[in-house]
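As C-alpha cells, the structure follows; a few thoughts come after it.
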Amino acid sequence: MRRFDSRWAIILLAAILAAATARPYAGAWNDGSRLATVESLVDRHTLAIDDSIYLNPSLAARPPYDPSNALVARYGTLDKLLIDGRWYSDKSPVPAVLMAGPYQLWRWAGGPAAADRPDLFALGLTWLFAGLPYVLAVWAVARITWAVGVPGPWDLVLTAGFAFASLALPYAEHVNNHVLLLAIAAGVCEAAVRPGPWTAGRAAWLGMLAGFGYTVDLGAGPPLAVAAAGLLVWQVRAPGRWPKLAAFAIAAAPFVVANHVITYVFAGTIGPANANPAYLDWPGSPFTGPNMTGHWQHASVARAGLYALDLLYGKKGFLLHSPPLLLAVAGLPLLLWRRVPERPALIALGAWAVTTWLLYAATSHNLAGECLSIRWFVPLLAAGYLVLAVLIREVPAVRTDLVVLLAGGFVIGAEGVIRGPWYGRIPSTYWPVVGVTLLAWGVVWGRRVIRRVRRRRPVAPAATGSPEPSRAATTG
C-alpha cells in the first residue's frame with residue numbers, strides 16, 4: 001500500500017505542477033498556429049485562420065501572446081500555409097478538431113470568445129491538451145514500472161525522474177503536439193508490457209493509440225503506428241489472431257482516415273500539407289530552403305551523420321537534456337542480448353525511436369527551430385523510460401548510475417520549467433551540469449571497473465612444505 005500511495009503522490013504533484021506552470025497565452029508561433037485553428041473552427045466555422053487573433057494579434061481585446069516575445073506579439077504566428085489566397089495552420093488538423101470540442105462547449109455555456117479573453121482560452125486548452133497528457137504520461141510510466149516488476153523504491157525513483165527530471169514538464173506549459181504524442185507513446189509502452197494475454201480489447205486500445213498518434217505528429221506518429229502494429233503481429237499467435245488484428249485496425253482507421261480527409265479538404269493533398277513547398281512560398285516565409293523540414297537537407301551523407309549526432313549530443317542535444325536516457329541507450333543492447341521477457345516491446349519501440357531520429361536527421365537542418373532541446377524527440381522519452389525500467393530490474397548495479405544521471409536531469413529540468421518549451425538558447429545550467437554529471441558518471445564507472453579487476457586478480461598460492469620449527473620447540 002505504501003508504494004501504491006507514493007506513486008499516486010508523484011502523479012498528484014505532477015498534476016499540481018502542470019496546472020501551476022501552464023501559461024495563459026501563446027508562447028510562440030507553434031502553439032499560436034494550433035490555437036488559431038481551434039478559434040477559427042468554433043467562432044467562424046472554418047479551418048482558415050485569416051481572422052484569428054493569433055494571426056492578427058491586434059484583433060484581440062488582450063495580448064494573445066507572451067508580451068516578452070515582441071516579434072510574435074506584433075506579427076502573429078508564421079507557422080502558416082498560404083493555400084488559394086487564404087491562411088491555414090501548418091499543424092496536423094485532427095488534434096485541432098478535437099481541441100475545438102471543449103472550446104465549443106465553453107461557448108455554448110456562455111464563456112467568452114478567444115478574442116475577448118485569450119488568457120482563459122489559452123489556459124484552458126493548455127490544461128486539457130498539454131497538462132493532462134503530461135499527467136497521463138506520468139501515470140503510464142508508473143504503470144510500466146509496476147508491469148515490469150521494478151522493485152521499490154526504484155519504481156518511485158523512475159516515475160519521479162520521468163515527471164521532474166526530463167523535458168516532459170517544460171513541454172506541458174503550452175499547447176503542442178509533442179507532449180500530446182508523449183502521452184500516446186507512454187500509453188503504447190504500457191499496453192505493450194501489461195501482464196496478461198492479448199485480448200481483442202487490449203488490441204483495440206493499442207490500435208486507437210496508434211491511430212491517434214499517427215495524426216498528432218506526421219514525423220514521429222506514423223513510425224509509432226507501424227511499431228505498434230508490428231509488435232501486435234509479433235506477439236499475437238493463432239488461434240484468434242485475426243480478430244485481434246482486425247480490432248487494432250478498426251480502432252486505428254478512423255483517426256488515420258480523418259487526418260487525410262481533412263487535409264484533402266483544405267489543401268487538396270493526401271500527404272502532409274506542410275510538405276508542399278508551394279504552400280510555404282510566400283513573402284517573408286521562414287520555412288524555405290534549409291529551414292523546411294520534410295526533404296533531404298544535407299550536402300553529403302557525412303554531414304548528415306554529424307547533424308544526427310548533434311541532435312543527440314550537441315548544444316541542444318536531446319540525450320544530454322535528459323541524462324538518464326544515456327543509460328537507456330547504453331543498456332538496451334545488454335537487455336536484447338539477455339532476451340528479457342519484454343524483448344519484443346524493446347525492439348519495436350527502440351526501432352521507432354531510432355527511425356524517428358534518423359528521419360528527422362535526414363529531413364531537417366534547423367535543430368527543431370526555436371525550442372528547448374529537440375522538440376520532435378520529446379515523445380521518445382516514453383521508450384527510453386521503458387528501457388530504464390527493465391534495466392533497473394535486470395541489472396541492480398546500474399542503480400547508482402541512474403541516481404547520478406537523475407541528479408543532473410533534475411537541475412536541467414528545473415531550468416527548463418522556468419524557461420519554457422520555446423526557449424531557443426542554451427540554458428545557463430546546461431553545459432556545467434552536463435559536464436559535472438558526465439564526470440560523476442565516469443567516476444562511478446571507473447570504480448566499478450577497478451572493483452571487477454580486483455575480484456579477478458589471481459590469489460597468491462599458499463606456501464608448501466612444513467614450516468621451520470620454532471626455537472622454543474627445539475630447546476628445553
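Given their separation in residues at 0.36 nm each and the Cα-Cα distance between them, residue 300 and residue 44 gain 87.5 nm when the chain is fully extended. The magnitude of the dipole of the range 353-448, with charges of +1 and -1 set on the Cβ of Lys/Arg and Asp/Glu and taken from the Cα centre, is near 160 debye.
Using 0.36 nm per residue of separation minus the Cα-Cα distance, give me the extension gain between residue 366 and residue 234 in nm, one decimal.
Computed gain between residue 366 and residue 234 is 43.9 nm.
In this simple spin-label approximation, residue 310 and residue 16 carry label points 7 Å from Cα along the Cα→Cβ vector, and these lie 4.2 nm apart. The fraction of all Cα pairs in the range 350-420 landing in successive 10 Å bins from 0 to the largest distance is 16, 38, 36, 10, given as whole percents. Placing unit charges on the Cβ atoms only, positive for Lys and Arg and negative for Asp and Glu, gives the chain a dipole magnitude near 2240 debye about its Cα centre.
Fully extending the segment from residue 61 to residue 354 would add 100.9 nm, taking 0.36 nm per residue of separation and subtracting the current Cα-Cα distance. Ranking 64, 111, 10 by Cα position along the charge dipole of the range 1-137, where only Lys, Arg, Asp and Glu carry charges on their C-beta atoms, puts 10 farthest toward the positive end. Remark: the Cα gyration tensor places the range 58-139 in the rounded category, a/c being less than 1.5.
Remark: the range 255-414 carries a charge dipole of roughly 360 debye about the Cα centre, counting +1 on each Lys and Arg Cβ and -1 on each Asp and Glu Cβ. Where q = 0.17, 0.21, 0.25 Å⁻¹, what log10 of I(q)/I(0) comes from the Debye formula for the range 1-75, counting one point per Cα? Listed by q, the Debye log ratios stand at -0.68, -0.87, -1.07.
In the chain, the DSSP-assigned H stretches of four residues or longer account for a calculated mean residue ellipticity at 222 nm of -20000 deg cm²/dmol, using -39500 (n - 2.57) per stretch and the full residue count as denominator. The range 116-146 and the range 183-256 have Cα centres spaced 22 Å apart.
Helix 2-21 sits at what angle to the longest principal axis of the chain, using alpha carbons and giving 0 to 90 degrees rounded to 10? So the helix axis and the longest Cα principal axis differ by about 40 degrees. Diffusion of the range 286-365 by Stokes-Einstein, at 20 °C in a medium of 1.002 mPa s and with Rh set to the Kirkwood radius over alpha-carbon pairs, works out to 151 µm²/s. The residues packed around residue 191, meaning those with a beta-carbon under 10 Å from its beta-carbon, carry a net charge of +2 if Lys and Arg are +1 and Asp and Glu are -1. Spin-label model, residue 8 to residue 428: label points 7 Å out along the Cα-to-beta-carbon direction sit 4.1 nm apart.
With the cut-off at under 16 Å, measuring from each backbone N in the range 192-231 to a point 7 Å along the Cα-to-Cβ line of residue 257 picks out 208, 211-212, 215. For the chain, the Kirkwood estimate of the hydrodynamic radius, built from every pair of different alpha carbons, is 23.9 Å.
Taking R0 as 60 Å, what's the FRET efficiency between residue 116 and residue 444 from their Cβ-Cβ distance, rounded to 0.05?
Values: r = 56 Å, r/R0 = 0.94.
Using R0 = 60 Å, I get an efficiency of 0.60.
Read-outs throughout are calculated quantities, based only on the coordinates presented, and are distinct from any laboratory measurement. Quick caveat: nothing in here was measured; it's all calculated off a predicted structure. Virtual Cβ from ideal backbone geometry, glycine too; neighbours counted across all protein chains shown.
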